[in-house]
1. How many residues does region 3-21 contain that are under 15 Å from residue 76 (Cα atoms) and open to solvent by less than 30 Å² (accessible area, probe 1.4 Å)?
2. Only one residue in 271, 266, 252 is part of a helix (DSSP H, G or I), within 13 Å of the chain's Cα centre (by Cα) and free of Cβ contacts under 8 Å to residues at least 60 places away in the same chain, so which one is that?
3. Just to check your reading of the model, which residue among 245, 250, 235 is closer than 18 Å to residue 37 by Cβ and at pLDDT 95 or above?
4. I'd like to check something: does region 196-204 contain any residue that is outside any helix (DSSP H, G or I) and either open to solvent by 60 Å² or more (accessible area, probe 1.4 Å) or within 18 Å of residue 278 (Cα to Cα) (or both)?
5. Does residue 233 count as more than 20 Å from residue 264 (Cα to Cα), of a type outside the set (Lys, Arg) and open to solvent by 40 Å² or more (accessible area, probe 1.4 Å)?
6. Please count how many residues of region 127-164 are surrounded by fewer than 11 Cβ atoms within 10 Å (Cβ to Cβ) and within 30 Å of residue 235 (Cβ to Cβ).
7. Inside region 110-126, can you point out the residues that are open to solvent by less than 30 Å² (accessible area, probe 1.4 Å) and not hydrophobic (A, V, I, L, M, F, W, C)?
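The values are calculated or read from the model by the stated rules, or taken from the named source; none is laboratory data. Since the model is a prediction, treat every value here as computed from it, not as a measurement. Cβ placement follows ideal geometry from the backbone for every residue including glycine, while neighbour counts extend to all protein chains displayed. Surface areas here come from the heavy atoms of the whole protein model, side chains and all, with no ligands, DNA or RNA. Shrake-Rupley method; radii C 1.70, N 1.55, O 1.52, S 1.80 Å.
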Amino acid sequence: PLYLVLSWAFSRLPVGNLAWRVNLLSAVAAALFVLLQCRLARLLGASPAVAAAVALAAGFGPVLWSQATLAEVYSLAAALLTGVLVALLAWGGGEPRRERGLLAATAVFALALGHHLTIVFAAPACVLYALVVDRRLALRPRVLLGALALGLAGLSQYLLILWRTRQGAAYLGSTARNLPELFGVMRGAQFGNRLFAYDLGTLVSQRVPLMARAIAAELGPAGLLLAVAGLVLLLRRRRPEGLLLGLGALGVLAFALNYKVDDPKVFLVPVFALSWPLAAVGLQALCEAAAARTRLGSRLALLALLLPALQIGLHFKASDHS
C-alpha cells in the first residue's frame with residue numbers, strides 16, 4: 001500500500017510520460033538508499049570517503065541498480081530497511097539514550113511494514129539490538145505501548161486494500177472484502193505454496209550455492225571479503241552492531257533460501273543492504289592499517305572510490321536501458 005500511494009503521487013508529476021514518472025520513484029528510492037547507506041557507514045565509524053565509496057558501490061550492484069530503473073518495490077524496501085538501521089544506531093550511540101530515539105526507529109519500521117513485509121525477518125535482530133544496548137529503556141511500558149501503537153498504525157496501511165476492493169477498482173493484484181480476507185493477503189496466503197518449498201537436500205545442494213553466487217556477484221570479490229572482515233571486526237569491537245547486521249542478514253537469507261520464485265535475487269536485496277555497511281567497516285580498518293604504514297595518511301581512503309568505479313564498469317551495460 002505504501003508503494004501504491006507513493007507511485008500515485010509520482011504519477012501526478014508534470015514531467016515525462018506515466019511510465020517514466022512511476023519508474024522515477026524507484027530511482028529516487030535508490031538514491032535515498034545510497035544516502036542512508038552512507039550515513040549508516042558513518043555511524044559505524046567509517047570516514048566520509050570510505051562511507052561514500054561503499055554507499056555508491058551498493059547502489060551500483062547489479063540487482064540494486066536493476067531495481068532502480070523499473071517500477072518495482074525493492075529499491076524502496078532497501079531504503080526503508082536502511083532507514084531503520086540508521087535510526088537504531090543513532091539511538092544506540094546517543095548519550096543519554098532517549099525513548100523518542102527508539103520510537104523513531106520503530107516508526108520507520110512501522111512505515112516499512114506497509115510496503116514489503118519481508119522486513120519482519122530482520123525484526124528479531126532489531127529487537128535483540130535494542131535489548132542488548134539498553135534493556136531497561138526498551139522494556140519500559142511507555143516504550144512497549146508506543147511500539148505497539150506504531151506497529152498497528154503501520155499495518156493499518158493495508159486498509160487501502162479493503163477500500164480499493166469496495167470501490168471496485170479497475171485492477172487489483174489482491175482483493176479483500178473483510179478483515180479475515182485482508183489478513184490472508186497480508187500474510188501472503190496466495191503465495192503459501194512457495195514458502196518452505198524445498199527439502200533439506202535441495203536447500204544444501206542447490207539453493208545455498210545459488211544464493212551464495214548471487215551475493216558474491218552483488219558485492220564482488222572485494223566487497224564480499226570486506227564484508228566478512230567487517231562482520232568479524234564488529235563482533236569483536238561493537239558486538240551489538242555486529243549482531244544487528246549479521247543476524248538481520250541471516251534472518252532474511254533464511255526466508256529467501258526457502259521461498260520458490262522465478263527471480264530469487266530480488267529477495268536478497270535486504271541482505272545486500274545489511275552487508276554493505278559491514279564492507280564499510282572492513283574497508284575502514286584496511287585503510288587505517290595501511291595508513292599506519294605509509295605517509296599517505298587519510299588520503300589513502302580516497303582509493304576506496306575504486307570500488308564503486310569497478311561496480312559501474314562491470315554493471316553499466318546491463319543496467320543501461322536508454
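1. Total meeting the criteria: 1.
2. Values: 266 fails: free of Cβ contacts under 8 Å to residues at least 60 places away in the same chain; 252 fails: free of Cβ contacts under 8 Å to residues at least 60 places away in the same chain.
When all the criteria are applied, what remains is 271.
3. Numbers: 250 fails: closer than 18 Å to residue 37 by Cβ; 235 fails: closer than 18 Å to residue 37 by Cβ.
245 is the lone residue from the list that is closer than 18 Å to residue 37 by Cβ and at pLDDT 95 or above.
4. The initial filter retains those residues of region 196-204 that are outside any helix (DSSP H, G or I), namely 196-199.
Filter again for either open to solvent by 60 Å² or more (accessible area, probe 1.4 Å) or within 18 Å of residue 278 (Cα to Cα) (or both), leaving 196, 199.
Yes, because at least one residue in region 196-204 is outside any helix (DSSP H, G or I) and either open to solvent by 60 Å² or more (accessible area, probe 1.4 Å) or within 18 Å of residue 278 (Cα to Cα) (or both).
5. Working: more than 20 Å from residue 264 (Cα to Cα): yes; of a type outside the set (Lys, Arg): yes; open to solvent by 40 Å² or more (accessible area, probe 1.4 Å): no.
No; evaluated as a whole, the condition is false for this residue.
6. So the count comes out to 2.
7. 114, 115, 118
Let's see how each residue does on (1) among the basic types (Lys, Arg); (2) closer than 23 Å to residue 310 by Cα; (3) out of contact with any His (no Cβ under 9 Å at 6 or more places or on another chain); (4) at pLDDT below 95:
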site: 27; (1), (2), (3), (4): no, yes, yes, no
site: 34; (1), (2), (3), (4): no, yes, yes, no
site: 42; (1), (2), (3), (4): yes, yes, yes, no
site: 48; (1), (2), (3), (4): no, yes, yes, yes
site: 109; (1), (2), (3), (4): no, no, yes, no
